[in-house]
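One structure below.
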Amino acid sequence: MNFTGAHILSINQFQREDVDRVFAVADKMEPYALRKRVTRVLEGAILGNMFFEASTRTRVSFGSAFNLLGGEVRETAGFENSALVKGESLQDTARVLSGFSDVICMRHPEAGSVADFAAASRVPVLNGGDGANEHPTQALLDLYTIRKEMSDKGRDIDGLSVAMIGDLRHGRTVHSLSKLLLLYNDIRVVLISPKELTLPDSIVESMRAAGVDVTVSHELTQSIADVDIAYSTRIQEERFSSKQEADLYRGKFRLNQAIYTQYCQPNTVIMHPLPRDSRKDANELDSDLDDNPNLAIFRQTDNGVLVRMALFALVLDVADKVDDFSHDVHWYNSRQSPSNS
Amino acid sequence: MNFTGAHILSINQFQREDVDRVFAVADKMEPYALRKRVTRVLEGAILGNMFFEASTRTRVSFGSAFNLLGGEVRETAGFENSALVKGESLQDTARVLSGFSDVICMRHPEAGSVADFAAASRVPVLNGGDGANEHPTQALLDLYTIRKEMSDKGRDIDGLSVAMIGDLRHGRTVHSLSKLLLLYNDIRVVLISPKELTLPDSIVESMRAAGVDVTVSHELTQSIADVDIAYSTRIQEERFSSKQEADLYRGKFRLNQAIYTQYCQPNTVIMHPLPRDSRKDANELDSDLDDNPNLAIFRQTDNGVLVRMALFALVLDVADKVDDFSHDVHWYNSRQSPSNS
Amino acid sequence: MNFTGAHILSINQFQREDVDRVFAVADKMEPYALRKRVTRVLEGAILGNMFFEASTRTRVSFGSAFNLLGGEVRETAGFENSALVKGESLQDTARVLSGFSDVICMRHPEAGSVADFAAASRVPVLNGGDGANEHPTQALLDLYTIRKEMSDKGRDIDGLSVAMIGDLRHGRTVHSLSKLLLLYNDIRVVLISPKELTLPDSIVESMRAAGVDVTVSHELTQSIADVDIAYSTRIQEERFSSKQEADLYRGKFRLNQAIYTQYCQPNTVIMHPLPRDSRKDANELDSDLDDNPNLAIFRQTDNGVLVRMALFALVLDVADKVDDFSHDVHWYNSRQSPSNS
């Protein structure tokens, strides 16, 4: 894929070499994210951070990533805009808003809306999540985290064994990650969920067609015995017809330190797209895991900044110029490497 | 008018030479808006972008204009502030907020409120719209667009013939534009609206007193036969007592490509303050006009950034220094000239 | 206290020398706040301005202070974030959000929440107000204002005589200011409130234990006869069980120019944490005092920017580098010294 000027709308756009390119650029961003250096390569550029659905962490992650490249951020954080209410088409909104910035990140509650918006935009658009459809930067940061964690163990993504745990039916992130894994070889996936919340058949079939070894399970402990990655997810209460229905599934498949010690390999990496539900009746990842060095959940969100910096740099074609416009950091820096978070 | 340090509250402040000055500076802003150059002339300056009424596009347009001059933006996007609820006077609010920035742009739902605010502010205030009263930057960007479009045809604003179409009673932008046209010579205006939604008499009278040739019509096709500009507006549903009442007028005076081809001069410029209402029962400007090169509606919003940059530069007295603090653009630039949007 | 990397959560952290250090740095910030110079010392740094409770002025004050040091601001302005609703712990939120910035300012409606957040944050956290608990920067800016106003008269904080007037029971700012005054010598405090709204006994006792001369009064005019500072506060209607209950106390202890002339010393400084309630039935500080040069209420908010700049500079250890990264201001500057507001 030619990244320069491209819209980033779906993980279906990515071939393996494209993922490699994003990850290579993300690696180069680490000194800036860790505040070892400052770069001003995008000084004067403007990100239109258009969140037509509230999401503090994803919005701030995109905005910070752009700031770390030296650019400015103009943004909206909810459906304040009544132009759509006044009958404006999404195409008109795109033509107008794309006149105010150099690149747009957009989140919108309706599936497909970001692609429609991008078609009319005069600047590149990054999908920040369009309803139940796509959230490509989340899938990329998950895979980037997997690559880094495995690399620390001298391993690669090829040959990976991963357990996906929880609400696999509604979890947008496991759907997207599953699609990305199709690009790799010798992958083994264990799908652990209640019978009613299994991964959609179409995704399972495309994995098997691509040669992925897929096991379906409705039990946690034995199933995570020899995986490299245990990827836990939250019961997506907001996608159920009632809280009562969601309650039927909450609190199953809890992972805590005792289970980890008894059943997992010593270096199994624990991941979660966050937020994890820490209320007593849910608690899918117990806080007693917080001291476990294999808990990678906060390294995931830190990596999200790197991946988003990489996408901005690629789309605006500055990936090779970042160091040229850099200077020292003058302030106190408490930040540790994501590897030690 | 001496722009340095001035509040920009009403188009009544502007003489013809003032408008000329704004437009001359706006022309100089184009390389920066088109990202051919970056300027840092306002590096360190802060805009207080105080929108006490939601308006994504106007808010972002002002904010981007300030960023493009190198300044920072602090902002509010709605009535989150409970200080007014707690009984604070608008004068106190102005004294406090003006301590946080170098210039303020303010939108407020009450007519006259921005002028009251400005009277107590310690920094220049730009009116971003105060209820049904004024929205001076919209009128200026409309006239700037007219000047540019006519200039492309070797024409001037003097001698202009313009049709204003739709809800002329409630449309704040046509009121303001009408007042600005008083400054020019040999203007012909055709007012096309339902009988119940005519332009207020006072404005018609002031136009005629200034020598404007005003025709009133309640029919679209013949009336636009030989105008230079067809300025369409939306039925301002929110100003009617009920949706039902607004429905009586919606969908009248629709302009589409077939009507344009049959009735208009070949180069008639189509304008609209946006948002246009593209719902089936309204659709005052059909989307089949989107390929018509005379459709200037997105050039209007792009020009808004130039006009707002010019006003900031004039009020903060940096209009002649913009180029001195400029440098090259290092990133991919997909933006085309507003003339080709 | 070692400021570098510290959380600023409570005024209880401060010893007299710490307060002196903050004030000395705040003094150095004045040329930047007055736009006589621009500094870029924090160019590339990001403030996470996390306001989980709406407060335009405090939020913008913190954001502007950071911009004035050259840094960028990413922010949230209300409870848009549903992560907490989805069961995320405040600790998880802190770990995630602290990955996006170099320092965080947080406001939250629950007492103690900011300290909990800080305990899990990987970057320094400044308390922007946590419910009825603490608002340390407000107390510091109040005392900084007192020091400046007294200094103009050749006086010091030691030996100060201050009247606190109004809703002393609910006013968080008088509680905090009272605690800060414990650090100074020969302080006299006159507490003027309705009997039902007296300062909490625990605070009165700690003042007396520290040697403060405390007088309790339920009458305004005689009690302010020879104080240096008259610190007025608003009836905190939102803390009463009903508007009716608050109405019982509103409009008592009104200070206006006539009372000031008749009862106060000629140079008594008038302060108020703002917003003042200017509605007829409240009006604790009449607007006829606005021309009185001893009215310091807008100097207070201006000083807030200086104090917040100082705290950022200290926590990020750039207090001694601010001038090294400074340059001239190129734009029109209408701002006057806070002393002349």
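The values are calculated or read from the model by the stated rules, or taken from the named source; none is laboratory data. Given the structure is predicted, the values throughout are model-derived calculations rather than measurements. A quick note on method: Cβ atoms are made from the backbone with ideal geometry, for glycine too, and the neighbour counts reach across all protein chains shown.
Considering only residues that are in contact with a strand residue (DSSP E or B) (Cβ under 9 Å, 6 or more places away or on another chain) and either away from every other protein chain (no Cβ under 12 Å) or within 16 Å of A:ARG35 (Cβ to Cβ) (or both), which ones fall in the stretch C:307-317?
Of everything in the stretch C:307-317, those that are in contact with a strand residue (DSSP E or B) (Cβ under 9 Å, 6 or more places away or on another chain) and either away from every other protein chain (no Cβ under 12 Å) or within 16 Å of A:ARG35 (Cβ to Cβ) (or both) turn out to be C:LEU311, C:PHE312, C:VAL315, C:LEU316.
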Tell me, which residue of the stretch C:225-251 that is more than 12 Å from chain B (Cβ to nearest Cβ) and among the acidic types (Asp, Glu) is farthest from C:THR261 (Cα to Cα)?
C:GLU245
Can you tell me which condition A:LEU160 does not meet? The list is (1) within 14 Å of another protein chain (Cβ to nearest Cβ); (2) at negative phi, and all the others hold.
(1)
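I'd like the full set of residues that are of a type in the set (Val, Ile, Thr) and closer than 13 Å to A:GLU72 by Cβ, limited to the stretch B:40-73. Talk me through it step by step, then tell me what you get.
Initial filter on the stretch B:40-73 (of a type in the set (Val, Ile, Thr)): B:41, B:46, B:56, B:58, B:60, B:73.
Listed by number, the residues that qualify are B:ILE46, B:VAL60, B:VAL73.
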Among the residues of the stretch C:136-157, is any more than 12 Å from every other protein chain (Cβ to nearest Cβ), among the polar types (S, T, N, Q), in contact with a Phe, Trp or Tyr (Cβ under 9 Å, 6 or more places away or on another chain) and farther than 20 Å from C:LYS28 by Cβ?
no
Just to verify a result, which residue in the stretch C:198-214, among those that are hydroxyl-bearing (Ser, Thr, Tyr) and more than 12 Å from C:LEU181 (Cβ to Cβ), is surrounded by the most Cβ atoms within 10 Å (Cβ to Cβ)?
C:THR198
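In this structure, does C:GLY171 turn out to be within 14 Å of another protein chain (Cβ to nearest Cβ), buried (at least 20 other Cβ atoms within 10 Å of the Cβ), touching a Lys or Arg at 6+ places or on another chain (Cβ under 6 Å) and touching a residue at least 60 places away in the same chain (Cβ under 8 Å)? If you could, list the steps in order and put the result at the bottom.
Details: within 14 Å of another protein chain (Cβ to nearest Cβ): yes; buried (at least 20 other Cβ atoms within 10 Å of the Cβ): yes; touching a Lys or Arg at 6+ places or on another chain (Cβ under 6 Å): no; touching a residue at least 60 places away in the same chain (Cβ under 8 Å): yes.
Here the answer is no, as C:GLY171 does not meet what is asked.
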Subset of the stretch A:27-46 that is part of a strand (DSSP E or B) and either touching a Pro at 6+ places or on another chain (Cβ under 8 Å) or within 14 Å of chain B (Cβ to nearest Cβ) (or both) - its residue that is nearest to A:ASP323 (Cα to Cα)
A:THR39
Name the residues in the stretch A:47-65 that are in a helix (DSSP H, G or I) and closer than 22 Å to B:SER64 by Cα, would you?
A:THR56, A:THR58, A:ARG59, A:VAL60, A:SER61, A:PHE62, A:GLY63, A:SER64, A:ALA65
Given (1) crowded, with 17+ Cβ neighbours inside 10 Å; (2) part of a helix (DSSP H, G or I), number of the condition C:GLN262 does not satisfy
(1)
Which numbered condition trips up C:ARG250, out of (1) in contact (Cβ under 8 Å) with a residue 24 or more places away in the chain; (2) not in a loop (DSSP other than H, G, I, E, B)?
(2)
Answer with yes or no whether B:ASP277 is more than 10 Å from chain A (Cβ to nearest Cβ), out of contact with any Ser or Thr (no Cβ under 6 Å at 6 or more places or on another chain) and either part of a loop (DSSP other than H, G, I, E, B) or crowded, with 21+ Cβ neighbours inside 10 Å (or both).
no
Scan the stretch C:2-14 and give yes if some residue there is touching a residue at least 40 places away in the same chain (Cβ under 8 Å), part of a helix (DSSP H, G or I), aromatic (Phe, Trp, Tyr) and within 18 Å of C:LEU126 (Cα to Cα), otherwise no.
no
Condition first: crowded, with 24+ Cβ neighbours inside 10 Å and over 17 Å from the mean Cα position of the chain (by Cα). Now tell me which residues in the stretch A:174-189 satisfy that.
A:VAL189
Do you know which residues across the stretch A:291-306 are crowded, with 22+ Cβ neighbours inside 10 Å, touching a Ser or Thr at 6+ places or on another chain (Cβ under 8 Å) and more than 10 Å from chain C (Cβ to nearest Cβ)?
A:ALA296
Whether any residue in the stretch A:73-81 is touching a helix residue (DSSP H, G or I) at 6+ places or on another chain (Cβ under 6 Å), within 10 Å of another protein chain (Cβ to nearest Cβ) and modelled with pLDDT of 95 or more is what I want to check.
yes
When you look at A:VAL38, is it modelled with pLDDT of 95 or more, surrounded by 18 or more Cβ atoms within 10 Å (Cβ to Cβ) and in contact with a His (Cβ under 7 Å, 6 or more places away or on another chain), yes or no?
yes
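Here is a check on your reading of the model: is A:GLY211 more than 14 Å from chain C (Cβ to nearest Cβ) and not charged (D, E, K, R)? It would help to see each step written out before you state the result.
Details: more than 14 Å from chain C (Cβ to nearest Cβ): yes; not charged (D, E, K, R): yes.
Taking the combined requirement at face value, the residue satisfies it.
Restricting attention to the stretch C:215-224, report how many residues are farther than 21 Å from C:GLN262 by Cα and of a type in the set (Asp, Glu).
So in the stretch C:215-224, the residues farther than 21 Å from C:GLN262 by Cα come out as C:215-216.
After this cut, where a residue has to be of a type in the set (Asp, Glu) as well, the list is none.
Number of matching residues: 0.
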Exactly one of C:ASP323, C:ASP288 is in contact (Cβ under 8 Å) with a residue 40 or more places away in the chain, part of a helix (DSSP H, G or I) and more than 10 Å from chain B (Cβ to nearest Cβ), and that residue is C:ASP323
Only one residue in B:ILE270, B:ILE224 is crowded, with 17+ Cβ neighbours inside 10 Å, touching a Cys at 6+ places or on another chain (Cβ under 7 Å) and aliphatic (A, V, I, L, M), so which one is that?
B:ILE224
Would you say A:MET150 is in the same structural domain as A:LEU274 (by TED's automatic domain parsing), in contact (Cβ under 8 Å) with a residue 40 or more places away in the chain and farther than 21 Å from A:ILE11 by Cα?
yes
Checking B:ASP92, B:ASP102 in turn, the sole residue that is under 27 Å from C:MET50 (Cα atoms), in contact (Cβ under 8 Å) with a residue 60 or more places away in the chain and not hydroxyl-bearing (Ser, Thr, Tyr) turns out to be B:ASP102
Which members of the stretch C:97-143 meet the condition of being surrounded by fewer than 24 Cβ atoms within 10 Å (Cβ to Cβ), in a helix (DSSP H, G or I) and out of contact with any strand residue (DSSP E or B) (no Cβ under 8 Å at 6 or more places or on another chain)?
C:ASP116, C:ALA119, C:ALA120
Please verify whether C:ASP286 is within 24 Å of the chain's Cα centre (by Cα) and closer than 23 Å to C:HIS218 by Cβ, treating the condition exactly as stated.
yes
